[in-house]
Amino acid sequence: MWSNDAYVQMAAARVRQMTSNLPMAEKMRRGQEILEEAFKEIEECVLSFKAGYDILEGGRFDTLSLGCWGILAAEAGVPAVPQHIVAVLRMGDIIKDGLNPAKMGPIPVELPQEAERYAGVLRLDHIGPEVLKDSYSTRFTDRLQPGSLPVGAEMIDGTPHLVFDERIASSLLTYVGHAKSASIPVFWRPWVHSMQIEVPRPSYMGRQTDSWPLEWRVFVQAGEVAGISAYYFQAPAPNTPEIREIAGVVRHETEKLLDLLRARGIQPWHPRYIGQLDNDRLDFTIDFLTLPNGRPVLLEGGPTCFSPSIPMWGAHPCCFIGREDFRGLALAKDRPVVPLPEARPFAAASPAEEEQAEEGGPSP
Ligand SMILES: Nc1ncnc2c1ncn2[C@@H]1O[C@H](COP(=O)(O)OP(=O)(O)O)[C@@H](O)[C@H]1O
Ligand SMILES: [Mg+2]
């Protein structure tokens, strides 16, 4: 698994290049030294990661951490999907005695009271379970009934557990390498109903249309909102004034977060940025979903995307895929990018409309 990793391959190619004209014994010694230096550099950066409320004092945090983004959103006054910690995994315990995280079983969780009233979802701090990436996830009608077992959970001996699938196992393997001292929270989040985009579906599949949530990915590069894309390119967003207005609010909410990051010297970061970006740039992506009343709410933050055409590692370029850069508003992958709308605050609807929007779940 590690040997297929582009990052590891790049490191190996570098060692090969730097030792190519050395005799074997010297090559081994020098190769070892280069690797040790590289790991030391990574470890130093990772150990300086902050987590929890400590990040509000400034410093680097893991840009994959949902927990950190949740704290920052609350501080910046950006509405976000609520999150409750329901379990904590300690990497030290997982790797102790040579325990292989890939062989770990389901993780017991303690659901909050809201889980009796609302449908919900479980996910680790840095990644959701495979089932969320399933293209049918947005249509899990059985799991989306209030009080049913959350998406990503299974019941074992009367206790709900986070399903330990391949996506979660392989993400933990990555963490074993660079965060031995980490505590990884598991979150329950209420399922938030979103504005839907209907797309035609071939009728032989038994339905006329598919419905996808209207979500957004913001590409922040060097501290600026460079581009915004509709998240699900299976469901292109129409280029209407309403849609552009929502994108303008997405931009506004992201700029609120950027103001906070700059004011406190907080930096979302990842060890894989080493050698690719200046160390003190603000580079990340951030995802929002749109409530039925048009209000964008923060779903999660993530790493930057290095290239819209060949993403080597990092965030998916969404509708920017195959283009030159991330500038502008990309509503569909096969339509031209339009100018980025001006940032604007959300214009609250009438109280009646707000109430209707909240029927499906708690208000973020
Ligand atoms: N609480 C939620 N309410 C509504 N939709 C959700 C929720 N959590 C996840 N989703 C849906 O599942 C997708 C993947 O979830 P996400 O939390 O982004 O994890 P990951 O990207 O690691 O799989 C989201 O883009 C969204 O469509
Ligand atoms: Mg996501």
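The values are calculated or read from the model by the stated rules, or taken from the named source; none is laboratory data. From a predicted model like this one, the values you see are computed outputs, not experimental measurements. With ideal geometry, Cβ positions are generated from the backbone for all residues, glycine too; neighbour counts draw on all protein chains shown.
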From the list VAL218, VAL199, exactly one residue is within 19 Å of the chain's Cα centre (by Cα) and either in the same structural domain as GLN276 (by TED's automatic domain parsing) or at pLDDT 85 or above (or both). Which is it? VAL218
Result of the Cβ filter at 8 Å on the range 274-294, keeping first residues that are part of a loop (DSSP other than H, G, I, E, B) and partners that are more than 16 Å from ligand 1 (Cβ to nearest atom) and basic (Lys, Arg), at least 6 apart or interchain, is LEU282/ARG262
Restricting the range 94-134 to residues that are among the acidic types (Asp, Glu) and modelled with pLDDT of 70 or more, the one farthest from SER65 (Cα to Cα) turns out to be GLU116
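Here is a yes/no grid of residues against (1) exposed (fewer than 15 other Cβ atoms within 10 Å of the Cβ); (2) not charged (D, E, K, R):
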{"residue": "GLU215", "(1), (2)": "no, no"}
{"residue": "GLY227", "(1), (2)": "no, yes"}
{"residue": "PRO238", "(1), (2)": "yes, yes"}
{"residue": "ARG244", "(1), (2)": "no, no"}
{"residue": "VAL250", "(1), (2)": "no, yes"}
{"residue": "ARG264", "(1), (2)": "no, no"}
How many residues does the range 143-173 hold that are part of a loop (DSSP other than H, G, I, E, B), touching a Leu at 6+ places or on another chain (Cβ under 7 Å) and touching a residue at least 60 places away in the same chain (Cβ under 8 Å)? 0
Residue, modelled with the lowest pLDDT, within the range 47-73, restricted to residues that are farther than 22 Å from GLY128 by Cα and either among the hydrophobic types (A, V, I, L, M, F, W, C) or in a strand (DSSP E or B) (or both): LEU47
